[in-house]
Amino acid sequence: MTWKTIFLRAARFASTLALAGSLSAQSQITISVDAKKSGAAITPDFSGLSFELSQLLPDDNGVHYFRPDNQPLINLFQTLGIKNLRVGGNTADRSVRELPSQADIDSLFAFAKAAGVKVIYCLRLRNGNANEDAQVAKYIMTHYPDQIDFFSIGQEPNVYPKTTNAMGHVTPRPAYAQIAPQWKWFEKTIVAAVPDIRLCGPSVDDNPDWPQEFMRDFGHGYHVAMITAHLYPGRNGETVPTPEIGRNQMLSDDFINVYQKLYDGFVPTALANGLPYRLEEANNYFKGGATDVSDTFASALWGLDFMYWWAEHDCSGINFHTGDKVSNGTEMRPSKYTAYFSTSDGFTVRPLGYGIKAFDVGGHGRFAAATVSNPQKLNVSTYAVLGDDKNLYVTIINKEHGEGARDANVALSAEGFANAQTMALAAPNNDITAKTGATLGGSKIADSGSWDGKWATLDRVGETTTLGLPTGQFSIKIPAASAMIIKLSAN
């Protein structure tokens, strides 16, 4: 070892100590990323949306929502990075009023081709007809084999409604053992008509037991290529005591504990059997979301964290249930958790949509090993991804909010990366309750679906500056109730 090498290493060590000392009087977090140690790969089609099947039907003027000339919607899908489109919901199964015609299906798949997405299509199970499902599947597979991803059979059969007969006898919600023979019969009928079909299931809500039994019975030899689950970690949005409680839960470990329980309940078994899994329908609270919770900036930070948590846990993707209206039992209600809603000029992106876009900015590649020290236990999540473009993307989500919320002063090091740029996800005045005004990279997503957010070099952002440290060491301030994507490059 030469004296020059010894000197440089000593200088780097001294600089690291100086960095730690300079932040010791603040709310500090140190992050060290080793890009040479890679983890799970994020699937290219991770980002998805889910819609009611009734969204395929034409409106009162005979116009389809999903159509190849709906350019604002195509632009928005591409801007948000949406690669998977699932159609299902209650209107596909237990609350069916009208099923799509072949013309409706044609319009959907023409849109899918124009937008560059693949489709998961839900077939009816409850009070359904296996032969009719087989005809629908055959039509789609014959005409759109390149756009169809999977078919599911049934929507959340674990919560099919209770029924009461004329004598007042109540039939409870079905157990798996009651549904399995029916699902098997439908599968047999559909496969006879479409031998090369790819199925997914069981498509149940926050229930690990059904996937376990489904894999046991149908995981091999029944054309099942994907295990699907639904998740609304906050449960019923109509029972949230207060908006403040709902937002606090959304950004707390309470939600993460729900993720972990579902993961532990079935995912290891799926992966051990070579079966990928996807959350084909998800959002924060069901029944269309929680008022003044699901439609606030809190949902942007939650959605971004939710996507990264599941991606880091080998999930193949998430489809956020969305739409101007969603099914709540037998009725359609305005959606509070939607990623965007329709306007006369296109689509206005809600806060959740900004979280989805933030994931798109930094979520392409493989996870890199990150060591995090957070002695003051700030409510912060950190994810590092070595991008397909060879840049390193570190996303830091500061979920601190409300009275006493703390900014995060981060000391970030990543050997071999000399330059850094930042992109902030922020609300006006860092207000977690804000419903409008969110920006990413200093820019809003336009109603036309376009976005021109910009990267900023660290030394050009007033609150985010380097300290003149050796290669790969930076100091970054992440305000409370915001997130920051740091893009590190080698030169």
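Before moving on, here are some points about what is shown:
- Screening segment 351-370 for residues that are over 11 Å from the mean Cα position of the chain (by Cα) and among the aromatic types (Phe, Trp, Tyr) and picking the one that is nearest to Pro428 (Cα to Cα) gives Tyr354.
- Matching residues, segment 232-260, being crowded, with 22+ Cβ neighbours inside 10 Å and under 17 Å from the mean Cα position of the chain (by Cα): Pro233, Gly234, Met250, Leu251
- Residues in segment 40-65 that are in a strand (DSSP E or B) and among the acidic types (Asp, Glu): Glu52 only.
- Residue pairs meeting the criteria (Cβ under 6 Å; at least 6 apart or on separate chains; first more than 13 Å from Ser101 (Cα to Cα), in segment 117-137; second modelled with pLDDT of 95 or more and among the hydroxyl-bearing types (Ser, Thr, Tyr)): Cys122/Ser152; Ala130/Thr189; Ala134/Thr189
- Only one of Ser54, Ser95 that is modelled with pLDDT under 95 and among the hydroxyl-bearing types (Ser, Thr, Tyr): Ser95
- Options Pro202, Pro211, Pro181: the member that is loosely packed, with under 13 Cβ neighbours inside 10 Å, modelled with pLDDT of 95 or more and closer than 26 Å to Val136 by Cβ: Pro181
- Residue ID - farthest from Val267 (Cα to Cα), chosen from residues in segment 147-174 that are modelled with pLDDT of 95 or more and assigned to a loop (DSSP other than H, G, I, E, B): Gln147
- Of all the numbered requirements in (1) in contact with a Ser or Thr (Cβ under 9 Å, 6 or more places away or on another chain); (2) under 23 Å from Val159 (Cβ atoms); (3) in a loop (DSSP other than H, G, I, E, B), Glu280 misses one, and that requirement is (3).
- Members of segment 80-116 found to be touching a residue at least 12 places away in the same chain (Cβ under 8 Å), of a type in the set (S, T, N, Q) and surrounded by fewer than 20 Cβ atoms within 10 Å (Cβ to Cβ), listed by number: Gln102
The values are calculated or read from the model by the stated rules, or taken from the named source; none is laboratory data. Note that this is a predicted model, so its numbers are computed, not measured. For neighbour counting, all protein chains shown are included, and Cβ atoms are generated from backbone atoms with ideal geometry for every residue, glycine included.
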